[in-house]
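The values are calculated or read from the model by the stated rules, or taken from the named source; none is laboratory data. Quantities reported herein were computed from a predicted structural model and do not represent experimental measurements. We place every Cβ from the backbone using ideal geometry, glycine too, and count neighbours over all the protein chains shown. Ligands, DNA and RNA are excluded from the accessible area calculation, which covers all protein heavy atoms including side chains. Shrake-Rupley method; radii C 1.70, N 1.55, O 1.52, S 1.80 Å.
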Amino acid sequence: MSNTACILSIDQGTTGTTALLVDVKGNIIARGYQEFTQYYPHPGWVEHDPEEIWNATLQAIDALFEKENALNIIAIGIANQRETTLVWDKETGKPIYPAIVWQCRRTADKCAHLAKQGVAEEIKAKTGLVIDAYFSATKVAWILDHVSGARERAERGELAFGTVDTWLLWKLTDGAVHKTDYTNASRTLLFNINTLSWDETLLEILNVPKAILPEVCPSASNFGTASFYRNFWLETFGKNISLDGIPITGIAGDQQAALFGQLCIKPGMAKNTYGTGCFLMLNTGAEKVLTKTGLLTTLACSLDENPIYALEGSVFVAGAAIQWLRDSIGFIKSASETEEIAYSIPDSEGVFVVPAFTGLGAPYWDPDARGAILGLTRGSTREQIIRATLESVAYQSADVVRAMLTDAEMSLEQLRVDGGAAANNFLMQFQSDILGINVERPAHIESTGLGATYLAGITTGVWGDIEELEANRTQQEKLDDSTSKARVFSPQIDAKQRNEKLAQWKKAVQQVMS
């Protein structure tokens, strides 16, 4: 590896950390990845070890370095799993409790109690969110109330709260910086997305001391400087490497980072990340759209102190439905088989899979709905069920897209896609068919890490503006080769066929609703 100027991107996810090195043309030149442990101390509880997250991040970074002194890292960007909550001692830097993960449901009863107090509308108006254990605030309060002496210490300013970005920033700067960005703050239930500040009323309602909160900055900011000396890497990994003095200039929550990584920077642009579930996000620009369909209003990445808003919606079960085919009913041996199997038949022949394994989200919002395979006949086949399962991911995504466009009173010209399941050509083609618009898959589907990279690079002047990034993206796709994933999928069915399929899907959904 040559002494190439590059940006280090840390994509800290729920099950592992990915580190990327990206050159000034936006090309990914190296990757490192390290998993870490998921802890389930009680049913419905999910925890991480904060120090294990940190060590996994160091190991992912270390995997990038193929030889000593080979790299010229000019900036660092961070993207992270959102809502996951950490509290640590400011003096020692030691966590006082494991990280409570965004998936954890331990505070569900507390959220239900708050909802009964009649504060839901005020919270929604200020945060764009609903009262739910998903978000950070009730997790913070739980830690302060269940660790001996923690609340008193928090009131005295001895403790620090942060989402994972804040924890990594603290560690990278050797405890010198306690900050977060707009996107992560907007997922806490404590941040007013109208005033771009921590809200005193919300802090009182949710019983969180202001003294433990980080400073909030735009996503493209100079957050601080890494303080890692050569002797640290030499002693830890046996390599003569240093991150000392490198500025940390971009931070964003993972879904907002993916939106920015897909360069959905204008109102009316949207992305969908296909993973275990699907995360859809629509840029609404300077306009804060209050949803009527049960979506979330949130902050997107901004390059300055002027807010950019977005609508967000989730499909609960996407890739998880493919895992169900593989692990629970043994229809496939690997997820990659599904593309060829789906293409092997002309149609699912009226078979629909509604994977409501954990209820239905937007726009149906039926937590008691349960999954079903519908339309079976004596001639139904394994292949039809597999194809229908893939189709269900596209149908559910289309439901959320339509809800977004209804709320925002916008039209959509294309959907940009990323995530592991976006590599499935059948799924992407069917998504285009059922939406009636182009689906654009970039050359690199690591959009989350690239979003952090772009933020860091723009802040440090590597790229002058968004247009330069767009030009790089276009150039990469012109250099398409046999290994590139870049492709635009265009609709191959007409409006009549599309409407018939959507009507059948809606009928199937109605049959599983409680």
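Computed values, structure above
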quantity	calculated
In region 351-437, the chymotrypsin sites (Phe, Trp or Tyr not before Pro) that fall in loop regions by DSSP, at most 12 other Cβ within 10 Å	TRP365
Solvent-accessible surface (1.4 angstrom probe) belonging to HIS113, in square angstrom, nearest 10	100 Å²
Per-residue ³J(HN,Hα) for region 274-287, Karplus 6.51 cos²θ - 1.76 cosθ + 1.60, θ = phi - 60°, Hz, x for Gly and Pro	9, x, 4, x, 10, 10, 9, 9, 10, 6, 10, x, 6, 8
Subset of LYS292/LYS506; LYS25/LYS271; LYS266/LYS292; LYS25/LYS171; LYS266/LYS501; LYS139/LYS171 violating a 27 Å alpha-carbon distance limit	LYS25/LYS171; LYS266/LYS501
The chain: relative contact order as a whole-number percent, Cα under 8 Å and 6+ apart	14 percent
Cleavage-rule hits, trypsin sites (Lys or Arg not before Pro), region 32-114, DSSP coil, Cβ neighbours within 10 Å at most 16	LYS67, LYS90, ARG105
Length-normalised contact order of region 288-338 in % [C-alpha pairs under 8 Å, at least 6 apart]	24 percent
Net charge, LEU202 excluded, C-beta distance under 14 Å - Lys, Arg +1, Asp, Glu -1	-1
ILE329, ILE7, ILE437, ranked by accessible area, largest first (probe 1.4 Å)	ILE329, ILE437, ILE7
Shape box of region 122-187 [Cα atoms, principal axes, largest first, Å]	36, 28, 18
Rg ratio (alpha-carbon, reference 2.2 N^0.38 Å) - the chain	0.96
Extent along principal axes [Cα atoms of region 1-143; Å; largest to smallest]	61, 33, 30
Loop GluC sites (Glu not before Pro), region 410-448 (other Cβ atoms within 10 Å of the site Cβ: 12 or fewer; DSSP)	GLU413
Rounded D (µm²/s) - region 1-63, Kirkwood Rh over Cα pairs, Stokes-Einstein at 4 °C, 1.567 mPa s	101 µm²/s
Share of alpha-carbon pairs per 10 Å distance bin for region 383-514, given as whole %	11, 34, 32, 17, 6, 1
